[in-house]
Amino acid sequence: MTLNPGVPRLLRRLNDRSALELLISEGPLTRAELGERTGLSKVTAGQLLARLEERGLVHVAGERAGGRGPNAALYGVVPSSAHVAGLEVLPDSITVGVADITGRVVAEIVVDPAGGEDPVAAVHDAVQRACASARITLGQLRAFVIGTRGVVDPRTGDMRFSYDLPAWHTGVLASLRRSLGASVTIENDVNLVALAEHRHGAAAGHDDFVVMWAGVGQGLGVMLDGRLRRGTTGGAGEIGWLPVPGEPLPDDVGRPQSGSYQRLVGRKALTALARAHGLVDGDEAGDPEHPVAAASRAGSVAGLVEAAVAAGNTGFLDAVAARLAVAVAAVSVVLDPGLIVLAGDVGKAGGAELAARVETAAARISPSRSTVAATGVTGNPVLRGALVAALEQAREQVFSDTV
């Protein structure tokens, strides 16, 4: 029988990749522990560690006291073997996070995009500043993932359009890659939130779920069978355009904020709902320091929801939940995801109390029951999702070719 000489090489590569993933997920391990978890003999595990150590991917990170013999060396992944950048781009700010290959965030900055007329220059400047803060060079970044409001073409990876970021259009991706390198990805912001919830939040351990973003704008991030579903043109999840009985249909889809569901749950609608439920009465309006009055003046729907939870205004919360339940019911009967995570400013402000009310309200109008959970991601969810995606890309690059 003729043996394929590539098979041993492939097996070594698979073993190396498995070992590196274990060292990241479980922390430093001894040679014996690594062998036990991978099913490799001590000799093979030792050869593997020597190979990875020679490549600069693992190092001795400490010792573990044993029995009567000498302490066993603990091996861990070298954090500086690669770095990645995640970004959230908004009309008035660019947030950049830099993480090492283990996922530890080593720098996070927020910069003003200076009008946003030149998105490539603004992003390049922001990344350079983040690298300086992390004390690394631009060349040490192995992957960049950028989260934006808008529709990304899943075939080309380029921006199709963004109402909030008009300068982000077809051609921006190629320009960013010329400026930063080939490993640049643009992704819809709510899709990145879905990645963050899957790795760090309420959807951990679930491969079928939907993130429902409720805030100034509305959106969905859909994950089925452990994969993001973007649709043919990247428009999957534009829930703001969902037709809603009683709300006018848009006569021009080129006008932002004109979708029926957006009209039902947007800032103007929920602010009017708050007033109808007495969240801003005469006494509160006369007290500029009152949190409800301040939230109303600022137009902060999330502030109103948070104040309603604190004040126990169940009427307002039930009314908001009934409106959000329209989208939950629609998603449940079409996708039946089993779990819907309520995220965004409103979802975060309402927390578990609002999520429970939405679940109850949706159950009254949908035969397909979905659990509704509040977001479990701390910090900036778009940025955290961007770093999750960037780390997956970088580890694929670094870990897949070790032999």
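The values are calculated or read from the model by the stated rules, or taken from the named source; none is laboratory data. Every value quoted in this text rests on a predicted model; they were computed, and no experiment measured them. Please note: Cβ atoms are built from the backbone with ideal geometry, for glycine as well, and neighbour counts cover all protein chains shown.
Points to keep in mind about this one:
- Segments classed as helices (runs of 4 or more DSSP H), wholly inside segment 109-202, with at least 1 members that are over 17 Å from residue 383 (Cβ atoms): 119-134, 172-180
- Scanning segment 24-63 for residues that are over 16 Å from residue 13 (Cα atoms), charged (D, E, K, R) and assigned to a helix (DSSP H, G or I) turns up 26, 31, 33, 36, 37, 42.
- From the list 374, 356, the lone residue that is surrounded by 16 or more Cβ atoms within 10 Å (Cβ to Cβ) and within 18 Å of the chain's Cα centre (by Cα) is 374.
- Residue check, residue 118 in contact with a Lys or Arg (Cβ under 9 Å, 6 or more places away or on another chain), surrounded by fewer than 21 Cβ atoms within 10 Å (Cβ to Cβ) and at pLDDT below 95: no
- The residues of segment 96-108 that are assigned to a strand (DSSP E or B), buried (at least 16 other Cβ atoms within 10 Å of the Cβ) and touching a residue at least 24 places away in the same chain (Cβ under 8 Å), listed by number, are 96, 97, 98, 99, 106, 107, 108.
- Filtered residues of segment 251-270 (kept if buried (at least 18 other Cβ atoms within 10 Å of the Cβ) and either out of contact with any Asp or Glu (no Cβ under 7 Å at 6 or more places or on another chain) or among the basic types (Lys, Arg) (or both)): 259, 261, 262, 263, 265, 266, 267, 270
- Test: residue 224 is touching a residue at least 12 places away in the same chain (Cβ under 8 Å), touching an Asp or Glu at 6+ places or on another chain (Cβ under 8 Å), in the same structural domain as residue 351 (by TED's automatic domain parsing) and of a type in the set (A, V, I, L, M, F, W, C): yes
- Just one of the listed residues (242, 270, 249) is in the same structural domain as residue 368 (by TED's automatic domain parsing) and in contact with a Leu (Cβ under 8 Å, 6 or more places away or on another chain), namely 270.
- Every test in (1) buried (at least 17 other Cβ atoms within 10 Å of the Cβ); (2) under 17 Å from the mean Cα position of the chain (by Cα); (3) more than 28 Å from residue 264 (Cα to Cα) is passed by residue 176 save one, and that test is (2).
- Restricting attention to segment 361-383, the residues that are β-branched (Val, Ile, Thr) and out of contact with any Asp or Glu (no Cβ under 9 Å at 6 or more places or on another chain) add up to 2.
- Within segment 337-348, being closer than 13 Å to residue 206 by Cβ and out of contact with any Phe, Trp or Tyr (no Cβ under 9 Å at 6 or more places or on another chain) holds for no residue.
- Test: residue 378 is hydroxyl-bearing (Ser, Thr, Tyr) and part of a loop (DSSP other than H, G, I, E, B): yes
- If you filter segment 205-226 down to residues that are farther than 9 Å from residue 237 by Cα and β-branched (Val, Ile, Thr), you find that the one that is surrounded by the most Cβ atoms within 10 Å (Cβ to Cβ) is 211.
- Selection status of residue 338, surrounded by fewer than 22 Cβ atoms within 10 Å (Cβ to Cβ), farther than 18 Å from residue 197 by Cβ, out of contact with any helix residue (DSSP H, G or I) (no Cβ under 8 Å at 6 or more places or on another chain) and not assigned by TED's automatic domain parsing to the domain that holds residue 190: no
- Conditions (1) surrounded by 18 or more Cβ atoms within 10 Å (Cβ to Cβ); (2) closer than 27 Å to residue 395 by Cβ: number failed by residue 113: (2)
- The set of residues in segment 198-210 that are within 23 Å of residue 144 (Cα to Cα) and either touching a His at 6+ places or on another chain (Cβ under 8 Å) or assigned by TED's automatic domain parsing to the domain that holds residue 341 (or both) contains only 198.
- Between 103, 115, 27, the distinction of being within 26 Å of the chain's Cα centre (by Cα), at positive phi, assigned by TED's automatic domain parsing to the domain that holds residue 12 and not acidic (Asp, Glu) belongs to 27 only.
- Of the residues making up segment 74-95, those that are of a type in the set (Gly, Ala, Ser) and either in a loop (DSSP other than H, G, I, E, B) or crowded, with 16+ Cβ neighbours inside 10 Å (or both) are 76, 81, 82, 85, 86.
- Test: residue in segment 358-373 that is among the acidic types (Asp, Glu), modelled with pLDDT of 95 or more and over 15 Å from residue 237 (Cα atoms): yes
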